[in-house]
Amino acid sequence: MEQKTFFIKTFGCQMNERDSEIMAQSLAGYGFIEGMDMYAADLVILNTCSIRAKAEQKVMSLLGYLRKFKEKRPDMQICVAGCVAQQEGARIIERMPHVNLVIGTQNIYDLGALLEKSVSQGSQVVTGLKNDYDIPRFLPEIALPENSFSATSPALSSRFRKFVTIMQGCNNYCTYCVVPYTRGREVSRKVKDIVDEVKVLVNSGIKEITLLGQNVNSYGKTNQVDPSNAKYAFADLLKDVSEISGLARLRFTTSNPKDLTDELMRCFRDIKNLCAQFHLPVQAGSDRTLQRMNRKYTVAQYLEKVDKLHEYCPEIALTTDVIVGFPGETDEDFAETMNLLETVRFHGSFSFKYSDRPGTRASQFEDKVAEHVKSERLALFQKRQDEISIERNREYLGKVKKVMIEENDTTGAKGRTETNHIVHFTEPLSSAPGDIVNARIFFAGQHSLQGKIENQH
């Protein structure tokens, strides 16, 4: 009997990428293998993101396009998962009646059973959020064929680097953000479940782990994660994971500055395999805007933590998120954001124009910034960030950096430093993906570096 194929299209953040991996492994237990062609697959899953309106529009457009393929092959199943599924629920099937299954963010672990139910009973919508939700224990125990993942699937392609979810949801209720409504209230995974999962991954050859959560800094604050230690916090988890034998590199994302403790910042000094790179979203450089965003910190407090991070780890590379054109943002507010950029000199940033998201407080604010003004401000910010990024990259010229190889073929190789900088090699190496080599940097571009192997054996 011919095996059924699935294709997962992932939109949005690393949390969604990890959720796609979980769904893929669940499907393997139901006899599915990953296919290379979305339009020829027996099952298509769109794992969606609703952080910005553009991502949501792309999903709806793709669903409309899939309709004609479903008309030709009625047995084709279409599933919408993730944050748009959670947010829109039954409205998706009302707009796109060819969709078989809509599952929310807390239901991905039940994907196989829900698919079977949708086949036998018709379209299903399962999107409820629970106040007492507990992240299921999930270990990557299923042995998958080597060719069961396509090299083009970004969430599934890495054989040496993996994401591990440590918590879901958020309690912060920033006025622009849908996450508390699409992923629920904050819940942390049990320490044992996280450590066991990392051990399985490292024993299978994974060299680098990134711990994921909407706000990892508040890990363990909402629910008890270790029966023997009621005060167990994120810094404790970093130390425990870092000590797993065979783990070469450890990263984490994302953090809210208001919950960044001194103990956590010291981890960059004390934990040797914790990479010297930190994504610390600031969102705006104006205290007035930060207050309207409900971020619960000031610019001065943010800068104080930046100084501490540099004190504990002078080589740390800092990146951030910035929203321009938030409702009520004045020219003076934007100028303060530009001043913050000059002060911190981020190695890189993700910057976006504000857009209303359904159900958020900011969507009700009346003092919206004109679209052309948002576009002008974004262009100014990104231009200066690009200039600073290349200036920061040039600081690596002549230095020897440890690079973990990601790709290596007859045309050359590519890897990544501890500071998360991409390094290109113009000739093939004798190293395999996942190996760490010493590279002397001889060229610095805006988005990447070039290096030559130093003392390769």
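The values are calculated or read from the model by the stated rules, or taken from the named source; none is laboratory data. Fair warning: this is a prediction, and the values are worked out from it, not measured in the lab. As a convention, Cβ positions derive from the backbone with ideal geometry for all residues, glycine included, and neighbour counts pool all protein chains shown.
Going through Val369, Val403, Val437 one at a time, which residue ends up being assigned to a loop (DSSP other than H, G, I, E, B), at negative phi and crowded, with 18+ Cβ neighbours inside 10 Å? Explain how you work it out, then say what you get.
Details: Val403 fails: assigned to a loop (DSSP other than H, G, I, E, B); Val437 fails: assigned to a loop (DSSP other than H, G, I, E, B).
Matching residue, one of Val369, Val403, Val437: Val369.
Conditions (1) surrounded by fewer than 20 Cβ atoms within 10 Å (Cβ to Cβ); (2) assigned by TED's automatic domain parsing to the domain that holds Phe252; (3) of a type in the set (A, V, I, L, M), marked per residue:
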| site | (1), (2), (3) |
| --- | --- |
| Phe268 | no, yes, no |
| Val282 | no, no, yes |
| Val306 | no, no, yes |
| Asp321 | yes, no, no |
| Thr330 | yes, no, no |
| Gly359 | yes, no, no |
| Phe365 | yes, no, no |
| Val373 | yes, no, yes |
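Do we find a residue being under 30 Å from Gly213 (Cβ atoms) and touching a helix residue (DSSP H, G or I) at 6+ places or on another chain (Cβ under 9 Å) anywhere in the stretch 69-79? Scanning the stretch 69-79, I find at least one residue that is under 30 Å from Gly213 (Cβ atoms) and touching a helix residue (DSSP H, G or I) at 6+ places or on another chain (Cβ under 9 Å), so the answer is yes.
Considered as a group, the residues in the stretch 413-423 that are crowded, with 16+ Cβ neighbours inside 10 Å and free of Cβ contacts under 8 Å to residues at least 40 places away in the same chain include one that is farthest from Arg392 (Cα to Cα), and that residue is Ala413. Taking the stated definitions as given, is Val119 assigned by TED's automatic domain parsing to the domain that holds Gly31, buried (at least 18 other Cβ atoms within 10 Å of the Cβ) and outside any strand (DSSP E or B)? Considered against the rule, which asks whether it is assigned by TED's automatic domain parsing to the domain that holds Gly31, buried (at least 18 other Cβ atoms within 10 Å of the Cβ) and outside any strand (DSSP E or B), Val119 comes out as no. For the stretch 407-424, the condition holds for no residue, the condition being that it is assigned to a strand (DSSP E or B), in contact with a helix residue (DSSP H, G or I) (Cβ under 8 Å, 6 or more places away or on another chain) and polar (S, T, N, Q). Within the stretch 1-41, being of a type in the set (D, E, K, R) and closer than 24 Å to Gln106 by Cα holds for Lys9, Glu17, Arg18, Asp19, Glu21, Glu34.
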